[in-house]
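The values are calculated or read from the model by the stated rules, or taken from the named source; none is laboratory data. Not measured: the values here are computed from a predicted model. Heads up, the Cβs are rebuilt from the backbone with ideal geometry, glycines too, and the neighbour counts pull from every protein chain shown. Remember, those area values only see protein heavy atoms, side chains included, never the ligands or the DNA or RNA. Shrake-Rupley method; radii C 1.70, N 1.55, O 1.52, S 1.80 Å.
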Amino acid sequence: MRRKRGMPGARNPGRATAVRWFAGVVALAVVVLAGLYVYRADERGQSTAPEPQPCADETVRCHLLPTGVWAVIYAPLGEDGAPTARTPGERDGLVLWDPGRPGLRPLDAVAARSLLPSWLRHRAVATFVQPWAVHGVSAECLETVTDVSKGGELSEWQTKNWPDDFQNACDMDLYRLDRAEYQESFKELVEKEGEISGVYAQSFGAVRATAVMPELERAGGWGVMDAPAPPPGTSATTLMVERSLAVEAGLQDVMECDESDAASDCWQKLHRTLRDMGYDGTQTGLADGVEEYERMTALFSLSRDLGKNAEPLREILTSWPDIGKAGKGVVESNSRSYTRRHRDGQVLPEFVGYLANVCTAYRGWGVGAGSQERNPLGAALSGMHRPCSVMPAGADSTWTMPDKKEAPRLLLLVNPLDPVNPPHAAEAWAEKYPDADRLDYRHPGHTKAPEELDAEVSAWVTGSVG
């Protein structure tokens, strides 16, 4: 049973839905009246001034569903590239988009379309707004998560008391969109908008999309999973080990180790550099290592696009430990971008939203992903996900894989060079759903499939719904 912060005993599902619905009305009232805001990050990882886009205009519509979840519908683009007016009567071709990550804040039509592949340009697209973005994460919760998400070994006092402090301060049940709510929200959206043709799920969005697979299968729909995260039920240790090793392999390519006559020496030198970047000289490593943790999280952030960031990565790794003022600036800004922290080190609501979603999808968070010596990037990931080891997961918040007979037509878009979701993740999906089709692309980073695949994806979708 899930519990509501400040309320003893079991939570009443009906009352919880009513509370969320009412809270959703209040929390998003300003957004609806003033418009949907674009949330962008500058080079320092901080939000810039928002640009309003009215929720009720001709190109963007919103529904507050009975589950208390907001759905935002973006009209398709016209021939001139501008969003077209759309009325509730135009119900054909709606696609549910789950962008993965912790989800998105409400975006205007132009910003949303910039994140979508071009094969969806003529489709109406709907997305759910994650609850953490609507209800707001309490300052107490942000402070509590900051205590263990900035690097360093936990003190004896923290080890003993922090789990209770975390559960008392952070209403993760309110901040996440769990499996039961996702499934019910999908059904309610169908009631309002008509049939949903398919789901486009990116990264962790593929995990959330499992909640609606049976509904899609019954309706003859489809699912496109772009760089899917490991399927639910995967060991957290497996997730962190594979991700950290994939990042290290990507950094080997950045350093051109495979092109070197002494590839083995290059690999070893890089590994020693990574170990030293995350080691503060104590027996425990990262003992009070805020700076060390910043460096490691910056590497994860920059590795999301190894092609674009190859030059600064190469400069930092080659120059270590004397990375200079410019190198320190790159590390600081990208660490904040990755860990979603302010300059004062406090985590941002996006990070709490990420934890609320990802922690309950995988098991065994407390085991870790290796020592600082053997797997320095894995050790940093383990520290980042500390809250997961004490986060309760009820039946509704635990994601599960439907049987293959309950799965719709599936297309897996797989990037063998993806450092965030390595190809092992897609292979696990393919093993569960052997009838799924697959398209491969190569890009040194974690992003949506390139436009070169658009024609093939569009043809697959058309065939699957035709």
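Kirkwood Rh, Cα Rg: Rg to Rh for the range 384-449?
Rg/Rh: 1.06.
Taking H as built 1.01 Å from N, whose amide H comes closer than 5 Å to the amide H of TRP222, not counting residues under 5 places away?
When sequence neighbours closer than 5 places are left aside, the close amide H contacts are GLY198, VAL199.
Need the list of lysines near LYS325 for cross-linking: C-alpha distance under 28 angstrom, and skip anything on the same chain fewer than eight residues off.
The reachable lysines, counting only those whose Cα sits under 28 Å from LYS325, are LYS150, LYS269, LYS308.
One-quarter of the Cα convex hull surface for the range 125-244, in nm²?
For the Cα atoms of the range 125-244, the hull's average projected area reads 9.5 nm².
With N set to the residue count of the range 190-323, report its C-alpha Rg divided by 2.2 N^0.38 Å to two decimal places.
Ratio of Rg to 2.2 N^0.38 Å for the range 190-323: 1.45.
Expressed in nm to one decimal, what extension gain is obtained for the pair SER114 and SER389 from 0.36 nm per residue of sequence separation less their Cα-Cα distance?
Computed gain between SER114 and SER389 is 95.4 nm.
Given H placed on each backbone N at 1.01 Å, which residues far from ASP98 in sequence or on other chains put an amide H within less than 5 Å of it?
Residues meeting the criterion, in which the H sits 1.01 Å from N, are TYR200, ALA201, GLN202.
For the range 353-466, report the accessible area per residue in Å² (1.4 Å probe, heavy atoms, rounded to an integer).
Heavy-atom SASA per residue in the range 353-466 reads 43 Å².
Under the 0.36 nm per residue contour assumption, what length would be gained going from the current alpha-carbon distance of GLU427 and LEU64 to full extension?
127.0 nm
Tell me which GluC sites (Glu not before Pro) from the range 217-261 have a DSSP coil assignment and no more than 10 other beta carbons within 10 Å of their own.
Within the range 217-261, the qualifying GluC sites (Glu not before Pro) (loop, at most 10 other Cβ atoms within 10 Å) are GLU259.
Provide Rg and Dmax in Å for the range 415-466, with only Cα atoms included in the calculation.
Rg then Dmax for the range 415-466, in Å: 12.2, 35.
Could you state the per residue volume, in Å³, of the convex hull enclosing the Cα atoms of the range 194-267?
107
Among the lysines, select those whose C-alpha is under 17 Å from the C-alpha of LYS404, and discard any that sit fewer than 8 residues away in the same chain.
Reachable lysines: LYS432.
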